[in-house]
Amino acid sequence: MSAYAAEGQVPVIELRHVDKHFGDLHVLKDICLSVQRGEVVVIIGPSGSGKSTLCRTINRMETIDAGEILIDGVPLPEEGKDLAKLRAQIGMVFQSFNLFAHMNILENVTLGPTDVLKRPRKEAREEAMQLLKRVGVESQAHKVPAQLSGGQQQRVAIARSLAMHPKAILFDEPTSALDPEMIGEVLEVMTELAQEGMTMLVVTHEMNFARRVADRVIFMDDGSIVEEGTPEAFFENPQTERARNFLNSIKNH
Amino acid sequence: MRDARTNIRDALYEAPGPRTRRLTAVGTALTLAALVVLIALVIRRFYEAGQLDSKYWALFAKYTTWRYIGKGLVGTVEAALMAGTLTFALGFTYMLLRISRLKAARAVGTALVEFTRGVPTLLFIYFFFLVVPQLGIKLSAFLKITLPVAISASGVVAEVLRSGVNAVPNGQREAAYSLGMRERSVFLKVVFPQAFRIVIPAMISELVIVLKDTTFAYVVSFPDLMQNAKVLISNYDSLLAVYLVVAVIYILINYLLNKASDFMARRRNQVKGAAAV
């Protein structure tokens, strides 16, 4: 971590005036956002607010129409080797896990390091086993994804991201596809990561996680960032009507 | 997990009640009886026509007959394997063309698929048997049968493979790209292996068609099972006996292939089973 200190205040992720349309729908409106090294930023908002799309633009899973995205101060490349290189540095955890269905758990975690980082297979396997141990699924290493519970699969997906030694990890609604009893185990792993200083951008509906773990909460609605602040400030004293309405609507159930 | 067959029946019919069970039992008994009568009639007919006389069947007591059939079988298997491999290579190539980013490549791929799907196998065989030699190109009998059979099946295989590629969930690609993998790696290591698993049953059905198409080998005098059967018939004059035995051999091979396909499909379902958590 200290090696990065010299870079000072250059954010790991920075979005400048990003705009995006899906046909006639204006899904991202003039989004400006930055995430500092070691920061945990949680994006919340009603469904259809554009928070997932925002998250996906950062490693160009979604393209943008206007504006700029910078990773460590460098503009996000639009294609080819440079884009791939950049994606290798930004982890992503998906709502539907997206583990490679034809590979076992261990292979899922070693594919990135061996194919992209060209690390020797043996070394990659050893590190993968450590990562699987860290997320608590090392006993499942030789099973295929379909044999694991959703919670286990998502923890493997986190290990798969970590195996690339990313600068930051994007979490796109990581617990939304999980049965209630499995949400906790995934949030626990994420909380540990946050405590270890991982830079994280998390799109979620888990308000308690946002409250406990976030350094900053961003509230989005209708394609815009409506409000942002510390979790205490946002949850205790929301400044905008829309944020108040949203918080009330989720409090009621 | 229930096996695939029960699932299909469950999808077609609701669980039977007592009356339905009775009707089903009666129906089954009646159809079985009808079947037995029918088979008995056919056998009697053959018997009366003298087709079951031992002179027509005596050839199967000879070792040389079986050796000859065996040789034909080896020819059939060799031709089917060669044609199957070529079909896959060609089909894979057309499929790559059809999913290309370049419009011209896609057009060529589509043209090849439509052409090879639309022309009957026998026409391709005549082309290689009659036209190609006139062009001064000498091909062995083996290639004269395997090339046209492969070309004829390649378009269908291309489309089967493409449907498999389309069936791989997009999240699989996204996950691979998010790791920083390049397009070629994503396709070869993530998308295609899964696509291939999806289409294994369809591919095996296609292999059965290829195997059956190799019976056209008699046109080019390649000694496959069918060609050798014809030779046996002309030597022993026992049409029914030889064709019956040969048909049973073809049925056995294709039955085994289809069993293999079922087995692999079931294994895939087991792997996929819990995926939709």
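Inspect region B:148-168 for any residue being assigned to a loop (DSSP other than H, G, I, E, B) and open to solvent by less than 10 Å² (accessible area, probe 1.4 Å) and give the result as yes or no. Yes; the residues of region B:148-168 include at least one that is assigned to a loop (DSSP other than H, G, I, E, B) and open to solvent by less than 10 Å² (accessible area, probe 1.4 Å). Residues A:142, A:102: which one is open to solvent by 30 Å² or more (accessible area, probe 1.4 Å), within 11 Å of chain B (Cβ to nearest Cβ) and over 22 Å from residue A:199 (Cα atoms)? When all the criteria are applied, what remains is A:102. Can you find a residue in region A:134-146 that is farther than 22 Å from residue A:37 by Cα and without any contact (Cβ under 8 Å) to a residue 24 or more places away in the chain? Taking every residue of region A:134-146 in turn, at least one turns out to be farther than 22 Å from residue A:37 by Cα and without any contact (Cβ under 8 Å) to a residue 24 or more places away in the chain.
Checked against (1) at negative phi; (2) touching a residue at least 60 places away in the same chain (Cβ under 8 Å); (3) more than 8 Å from chain B (Cβ to nearest Cβ); (4) not β-branched (Val, Ile, Thr), residue A:89 passes all but a single condition, namely (3). The residues on offer are A:154, A:130, and the sole one that is within 12 Å of another protein chain (Cβ to nearest Cβ) and either part of a helix (DSSP H, G or I) or under 20 Å from the mean Cα position of the chain (by Cα) (or both) is A:154. Here residue A:56 passes the criteria (1) open to solvent by 30 Å² or more (accessible area, probe 1.4 Å); (2) touching a helix residue (DSSP H, G or I) at 6+ places or on another chain (Cβ under 8 Å) except the one numbered (2). All conditions in (1) modelled with pLDDT of 95 or more; (2) assigned to a helix (DSSP H, G or I); (3) of a type outside the set (Val, Ile, Thr); (4) surrounded by 18 or more Cβ atoms within 10 Å (Cβ to Cβ) hold for residue B:216, with the sole exception of (1).
Inclusion of residue A:116 among residues that are modelled with pLDDT of 95 or more and open to solvent by 10 Å² or more (accessible area, probe 1.4 Å) is warranted. In this structure, residue A:168 qualifies as open to solvent by less than 10 Å² (accessible area, probe 1.4 Å) and either within 14 Å of chain B (Cβ to nearest Cβ) or closer than 26 Å to residue A:46 by Cα (or both). Close contacts from region B:178-200, counting a first residue that is more than 7 Å from chain A (Cβ to nearest Cβ) and a second that is assigned to a helix (DSSP H, G or I) and basic (Lys, Arg), with Cβ to Cβ under 9 Å and a gap of 6+ residues or different chains, come to B:186/B:173; B:187/B:173; B:191/B:173; B:195/B:162; B:198/B:268; B:200/B:268.
Mind listing whichever residues of region A:220-248 are open to solvent by less than 60 Å² (accessible area, probe 1.4 Å) and part of a helix (DSSP H, G or I)? Matches in region A:220-248: A:231, A:233, A:234, A:235, A:243, A:246, A:247. Would region B:53-72 turn up any residue that is of a type in the set (A, V, I, L, M) and outside any helix (DSSP H, G or I)? Looking for residues that are of a type in the set (A, V, I, L, M) and outside any helix (DSSP H, G or I), one finds none in region B:53-72, hence no. Could you please let me know if residue B:221 is within 16 Å of the chain's Cα centre (by Cα), open to solvent by 40 Å² or more (accessible area, probe 1.4 Å) and modelled with pLDDT under 95? No; evaluated as a whole, the condition is false for this residue. Among the criteria (1) more than 29 Å from residue A:35 (Cα to Cα); (2) more than 10 Å from chain B (Cβ to nearest Cβ); (3) buried (at least 20 other Cβ atoms within 10 Å of the Cβ), the one residue A:180 does not fulfil is (3).
The values are calculated or read from the model by the stated rules, or taken from the named source; none is laboratory data. Everything quoted here is computed from the prediction, not taken from an experiment. Cβ atoms come from the backbone with ideal geometry, glycine included; neighbour counts cover every protein chain shown. Heavy atoms of the whole protein, side chains included, go into the accessibility calculation; ligands, DNA and RNA do not. Shrake-Rupley method; radii C 1.70, N 1.55, O 1.52, S 1.80 Å.
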